[in-house]
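Data block below; observations after.
Any read-out appearing in this document is the output of simple, stated calculations on the displayed coordinates, not a laboratory observation. Just so it is clear, the structure is predicted and the values come from calculations on it, not from any experiment. Please note: Cβ atoms are built from the backbone with ideal geometry, for glycine as well, and neighbour counts cover all protein chains shown.
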Amino acid sequence: MFSGAYKKTRRESKIMKILCTQNFEKQLEALLGDFTKEDLAAVKSFKMYLDTIILNMPTKVQKFKKSIYFDDENIKDIEHQGLVIPFYIDEETGDYLILGIVKK
């Protein structure tokens, strides 16, 4: 699945990381398994779109609202097609941690 991505930020020369929790991996696997039963093409399309969202998270972080599931300003939600993907922004390191993926 998606274990993480590395991307240099424009503002700094350090490498920023996008990491996924095991919880996210398990939830995504279950979700894709449900989709596979319906339509394999839809699974591929969804996975490609999800990867694009995740890789572009750092440039669109201001677009996402504070999470409805956590009382923390550093946790935001990505909402797409009835799904919510909460992620944590580590302000010290600039890293992003994807916490899970749930149906809204």
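Per-structure values
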read-out: Angle in degrees between helix 40-55 and the longest Cα principal axis of the chain, rounded to the nearest 10; value: 10
read-out: Cβ-based charge dipole, the chain, positive-most Cα from 50, 20, 87; value: 50
read-out: Among 82, 94, 33, residue whose mean-square fluctuation peaks in a GNM of the chain (springs only between Cα atoms under 10 Å); value: 82
read-out: Rg/Rg_globular for the chain, with Rg_globular taken as 2.2 N^0.38 Å and Rg from C-alpha atoms; value: 1.08
read-out: Set 37/76; 26/103; 63/104 screened for pairs whose C-alpha atoms are more than 21 Å apart; value: 37/76
read-out: Simple Cβ-charge dipole of the chain, Lys/Arg +1 and Asp/Glu -1, about Cα centre, in debye nearest 20; value: 420
read-out: Excluding exposed DSSP-loop GluC sites (Glu not before Pro) (at most 11 other C-beta within 10 Å), longest clean stretch of the chain; value: 13-72
